[in-house]
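J.: First the structure, which I've put down as structure tokens, then a few questions once you've had a look.
Since every read-out is calculated from the coordinates, none of them should be taken as a lab result. On a predicted model such as this, the values are computed, not experimentally measured, just so you know. Cβ placement follows ideal geometry from the backbone for every residue including glycine, while neighbour counts extend to all protein chains displayed.
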């Protein structure tokens, strides 16, 4: 009868998996099984029976062949028309749903700040070595000695002497850490644009110095006995102030995190950007 009212429609069937309640029985049985651990063993027994029943019933509906049923549907031919002559584009203004910070520092600024901070750390460390142990190699070996395989409980004289293995390991650790922390500064400083030196030169060095001081006694007690934490903090503040100044003076760039992913990766998206007008070009 519906076909007579609408000549453009006809009845068809679609092949769908048959509905089943066995997954619900299996889930309820699992719930009772674990609930019985804190209530009564008989509840766990009931839950196990329901789980087995649910699993068997569910498997019988899908193995060896899945049970299906035919659902009748009415298919109608629909003609889409529009009175518009042009397809409107989806325009995404930059100010909508902006994610803070709106501007950030490029990656190269973090690398520059990390290298500059690494250079600034060297004079306080060497000064400490000269004053405390009369050797500039003492702080170097403190940093690199942990990576030398044959160093086991070295004496103060061994740490104050020159070791090329310790120098190589210390240099690798020092510059790698400085660059990584510099990149972290580039990402963190936009969060406090008015106080970059407060965050980078004071707060961050104090936090990680306290963290290292609290765990060093557990990680490496021998190294912890030879570190002068006051001088360590001075060198960290020198790094933080220098790296913060270098990063903060770099030109910031606008973030693109509020834009669609396709536009961020550089794909051509004519339906997502602003459409330039061709008026006045003739």
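J.: Sort 134-140, 108-114 by the packing proxy (mean of other Cβ within 10 Å over each peptide's residues), most packed first.
T.: Ranked from most to least packed, the peptides come out as 108-114, 134-140.
J.: To the nearest 0.05, how large is the calculated FRET efficiency for residue 75 and residue 34 if R₀ is 35 Å and r is the Cβ-Cβ distance?
T.: 0.15
J.: Oh, and also: With each pseudo-label sitting 7 Å past Cα toward Cβ, what's the residue 155-residue 15 distance in nm, one decimal?
T.: In this crude spin-label approximation the distance works out to 8.7 nm.
J.: Which number do you get for Rg(Cα) / (2.2 N^0.38 Å) in the range 2-76?
T.: Dividing the Cα radius of gyration by 2.2 N^0.38 Å gives 1.81.
J.: For an R0 of 45 angstrom, estimate the FRET efficiency from the Cβ-Cβ distance between residue 249 and residue 134 and round to the nearest 0.05.
T.: Step by step, r from the Cβ atoms, then E = 0.75.
J.: With an 8 Å Cα cut-off and a minimum separation of 6 or more residues, compute the relative contact order for the range 2-76 in percent.
T.: It comes to 47 percent, rounded to a whole number.
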